[in-house]
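J.: For reference, the structure I am asking about is given below.
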Amino acid sequence: MVLKAERFQIIDQLRKKHPLAWLLKIGEVSKAGYYKWCNSRSKRSIRMEEDVLLKEHILAIYKLHPYYGYKRMRRALFREGIVVNHKRVRRLMRELGIKSVIRKKRPFYGRRGSVVFPNVLNREFFAENRSEKLVTDITYVRVGENFAYLSAVLDLYNNEIVAWQLSERNDLELVLNTLKQLEGVPFAKNALIHSDQGFQYTTRTYENHVKELKIQGSHSRKGNCHDNACIECFFSHLKTEKLYLVRPKTLEEAYQAVQEYIEFYNKERFQEKFKGLSPIEYREKAAA
């Protein structure tokens, strides 16, 4: 006996050549049952497409952080603007055949040679003046089968990207080259720059560059991505509105895509927070 699902599938294949009513009668199935099957198949197809995209994200993150289990992987996806259930992440990682690299526990003697600033920003994402509160972070950019790294600085006054750098290496030099673009900026009184506690941002060299800019440093609490949510939000927009669409194959293509989007974001992408104005439009209107 042919199962109903198989009959529905045969009917679906033949309906372009034969009347649907006739096929349903021969197959001894109802019209409502057939459409219900079509609807469920469509949902399955959408979920499968979503799973393929999620697997791509998971593999990209795993390549950078092979020690992530499904819980940390879920948090990393959230930082990219992707909200997904931990059970689904665990299933997809199992299907991909990946799991966290287990490391041996060693005695912990505390972090040496690192600088951790207090959380001065403290999620107060509103700024009254330009160049008063800056936030910065690094995100990966997929380039063909490899990755590049984007460092960016966002001004919370109008959410404008005021500095950025793209590199094949996720290192201290990437961060320092981004900070150099802020030299000569007329910072507001008590200006700060906020980041997470990534290794680049906790070095003495980074601390010295912040001091040279005559602003104060601020760090998110460890493991708390919400403390730097604004820059994470920008990275999410960049990826979903540009990078996932153009899928750059070379570093040059990635650079051009990032440059085009940042120019669009600063000059044209309106924001509800600013009553339909883009970051630069808001800044210019306030200055008028």
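Values in this text are rule-based calculations from the coordinates and carry no lab data. Fair warning: this is a prediction, and the values are worked out from it, not measured in the lab. Please note: Cβ atoms are built from the backbone with ideal geometry, for glycine as well, and neighbour counts cover all protein chains shown.
J.: Please arrange LYS17, LYS267 by how many other C-beta atoms lie within 10 Å of their C-beta, fewest to most.
T.: LYS17, LYS267
J.: Once both axes come from the Cα atoms, what is the angle between helix 229-238 and the longest principal axis of the chain, in degrees from 0 to 90, rounded to 10?
T.: The helix 229-238 is inclined about 50 degrees to the chain.
J.: What number, rounded to the nearest 500 deg cm²/dmol, is the helix-based mean residue ellipticity at 222 nm of the chain, given -39500 (n - 2.57) per DSSP H run of at least four residues and division by all its residues?
T.: -14000 deg cm²/dmol
J.: Could you pull out every residue, at least 5 positions away or on a different chain, whose amide H is within less than 5 Å of the one on VAL143? Hs are placed 1.01 Å off N in the peptide plane, and Pro or chain starts have none.
T.: Hits under the 5 Å cutoff: ALA148.
J.: Could you tell me what % of all Cα pairs in the chain have separations over 25 Å?
T.: Value for the chain (Cα pairs over 25 Å): 58 percent.
J.: For LYS285, list the lysines whose Cα falls under 20 Å from its own Cα; do not include residues on the same chain fewer than 8 positions away.
T.: Excluding near neighbours in sequence, the set is LYS133, LYS267, LYS273, LYS275.
J.: Show me, for the range 14-24, the HN-Hα J-couplings you get by feeding each phi into the Karplus relation (A = 6.51, B = -1.76, C = 1.60, θ = phi - 60°), rounded to Hz, glycine and proline as x.
T.: For the range 14-24, the Karplus curve yields 9, 5, 6, 9, 10, x, 4, 4, 5, 5, 5 Hz.
J.: Can you grab the distance from the C-alpha centre of the range 167-207 to the C-alpha centre of the range 35-73, Å, no decimals?
T.: Centre-to-centre (Cα) distance: 34 Å.
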